[in-house]
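Below is one structure, written out as structure tokens; comments come after it.
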Amino acid sequence: MAAQIGSEMHERASQIGLTFAEHIAYLERAFPDATGEFSALMQEIMVAGKIISGKVRRAGLVLEMGRTGRVNVQGEEVQYLDEFSNETLVRMTTPGGQLCILASEESAEPIEVPPPYAHGRYAMAFDPLDGSSNIEVNVATGTIFSVHRRRSVDGPGTLQDLLQPGRDLVAAGYLIYGSSTMLVYAARQCGVFGFTLDPSIGEFLLSHPNLRIPENGGIYSVNEGHTDEWDDRDRGIVRAFRSRANPSGRALNARYVGSLVTDFHRNLLQGGIYLYPATASHPDGKLRLLYEAAPLGFLCEAAGGLATTGTTRIAEVTPEVLHQRVPLFIGSRREVAFVESVYQNEWPESST
Ligand code: P6P
């Protein structure tokens with residue numbers, strides 16, 4: 001992450017209790033050439049998050065509960081709330097004219113900005129409701145978003161505006177619909193900020209300024225039900241985290257929710273690593289690069305952590321197709337660096 005922006009504005013933008021609008025306004029003033037487009041887009045994403053949160057929190061009561069009976073491009077069952085979240089993000093972010101094109105986990109093809117809306121300088125990719133299969137059992141879910149500057153000059157955006165590596169992201173973040181609703185995001189040169197929704201006033205208030213992930217993690221998050229589908233190297237890595245044969249010298253705690261945003265958020269705050277290695281059923285990995293691995297990798301690195309496929313830094317992977325999948329190891333620097341060292345055969349085989 002490039003050097004932090006001017007300290008005065010950064011300091012003002014980091015005051016606990018600020019509303020999201022106040023925070024974004026301070027940050028905008030730190031960039032002399034800012035046009036306000038990015039601020040407007042972030043506000044629209046924030047409002048979409050409020051609307052989705054309101055619906056998700058009443059999931060058991062609203063008619064749109066459960067499965068639609070349809071299967072999406074991922075081959076996953078579409079929940080009513082997947083569709084609602086997807087429609088909400090598109091509805092909130094296209095009229096403003098900041099976007100030239102969008103991509104969603106729920107849409108096989110890029111989503112165009114329809115007339116009469118203008119085409120702006122950003123391209124956004126998102127997972128509208130990650131972990132939605134957990135909705136019906138009241139487990140936390142989330143929304144993940146990523147924002148790139150367009151590469152095309154003007155007019156409707158193109159696929160190339162979306163197929164950019166994580167290292168070029170302008171901003172990325174997520175909403176988590178957990179015991180509280182939070183919005184956590186990173187913007188280039190600005191660091192990582194966490195906001196908590198105060199339902200009594202309907203505003204996101206800054207609760208976690210300048211978030212940093214602990215250098216050393218005490219948690220590993222992986223679905224060990226897939227053990228037989230991993231290769232020996234990945235089995236050895238997970239075995240090492242389960243024993244003392246890892247850099248911490250002790251067995252880590254196992255915590256796995258089955259909702260990437262939730263597992264990632266807990267590890268961001270407490271320190272830990274989330275692993276989704278390639279499996280026999282997902283030989284390229286299960287998680288999607290564009291709207292899961294790259295945005296969380298961008299945010300994790302901005303917070304001082306690491307994100308890799310095992311062989312390549314997530315930020316360096318240039319997507320070739322919209323719904324490209326990658327293996328994902330993401331979290332505290334020490335634990336992810338250990339994975340990289342095993343992949344580079346720099347860790348004694350015997351110990352894993
Ligand atoms: P598994 C949800 O479908 C998701 O994309 C992530 O949110 C979650 O971490 C992972 O897949 C769960 O996958 O194979 O453990 O059920």
Mind listing the phi-derived Karplus ³J(HN,Hα) values for the stretch 50-59, rounded to whole Hz, using 6.51, -1.76 and 1.60 with θ = phi - 60°, and x for any glycine or proline?
5, 5, 5, 4, x, 6, 4, 6, 10, 3
Considering only 290, 9, 116, whose Cα is most displaced toward the positive end of the charge dipole of the chain, charges sitting on Cβ of Lys, Arg (+1) and Asp, Glu (-1)?
9
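From the mean inverse distance of alpha carbon pairs (Kirkwood) and the Cα radius of gyration, derive Rg over Rh for the stretch 75-143. Mind showing how you got there, number by number?
Values: Rg = 13.1 Å, Rh = 12.8 Å.
A ratio of 1.03.
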Binned at 10 Å from zero, the C-alpha pair distances of the chain give percents of 6, 26, 35, 24, 9, 1, 0
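Nearest 5 percent is fine: what portion of the DSSP beta bridges confined to the stretch 219-351 is antiparallel?
70 percent
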Nearest 20 debye, what's the magnitude of the dipole of the stretch 35-179 about its Cα centre given +1 on Lys and Arg Cβ and -1 on Asp and Glu Cβ?
400 debye
Dipole-positive endmost among 43, 73, 126 within the chain (Cβ charges, Cα centre):
43
Calculated FRET efficiency for the pair residue 149/residue 70, C-beta based, R₀ 35 Å, to 0.05:
0.55
Just want to confirm a number: the relative contact order over the chain, from Cα pairs under 8 angstrom separated by 6+ residues, in percent.
16 percent
How many percent of DSSP beta bridges within the chain run antiparallel, rounded to 5?
85 percent
³J(HN,Hα) across the stretch 334-339 via Karplus (A = 6.51, B = -1.76, C = 1.60, θ = phi - 60°), whole Hz, x for Gly/Pro?
4, 6, 5, 5, 4, 4
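For the stretch 5-154, count the residues as N, evaluate 2.2 N^0.38 Å, and divide the Cα radius of gyration by that value, please.
Numbers: Rg = 17.1 Å, N = 150, 2.2 N^0.38 = 14.8 Å.
Normalised Rg, Cα atoms only: 1.16.
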Is the stretch 127-195 best put as rounded, prolate or oblate by its Cα gyration tensor, with a ≥ b ≥ c the root eigenvalues, rounded for a/c under 1.5, and otherwise prolate when a/b is larger than b/c, oblate when not?
oblate
Using θ = phi - 60° and Karplus 6.51 cos²θ - 1.76 cosθ + 1.60, couplings along the stretch 107-113 (whole Hz; Gly, Pro as x):
10, 4, 10, x, 9, 7, 7
Using 0.36 nm per residue, how much length does the chain from residue 189 to residue 19 gain when fully extended, once their Cα-Cα distance is taken away?
59.2 nm
Which one, 324, 279, 259, projects farthest toward the positive side of the charge dipole computed for the stretch 219-351 from Cβ point charges (K/R +1, D/E -1)?
259
What residues qualify as long-range amide H neighbours of residue 142, i.e. H under 5 Å apart, gap of 5 or more or another chain, H built at 1.01 Å from N?
130, 177
Residue 317's amide H: which non-local residues (gap 5+, or another chain) put their own amide H closer than 5 Å, with H modeled 1.01 Å from N in plane and none for Pro or chain starts?
166
Name the long-range amide H neighbours of residue 97: under 5 Å, sequence gap of 5 or more, or other chain; modelled H, no Pro or chain starts.
118
Taking the convex hull of the Cα atoms, report for the stretch 219-351 its projected area averaged over all directions, in nm².
7.3 nm²
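How big, on average over all directions, is the shadow cast by the Cα convex hull of the stretch 259-321, in nm²? The partial results should precede the final answer.
Working: hull surface 17.9 nm².
Convex hull of Cα atoms, orientation-averaged projection: 4.5 nm².
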If I stretch the segment between residue 210 and residue 235 completely, what's the gain in nm (0.36 nm per residue apart, minus their alpha carbon distance), one decimal?
5.5 nm
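Laboratory data are not the source of any read-out in this text; all were calculated from the coordinates shown. What you are looking at is a predicted structure, and each value in this text was computed from that prediction instead of being measured. In this analysis, Cβ positions are derived from the backbone assuming ideal geometry, glycine residues included, and neighbour counts consider all displayed protein chains.
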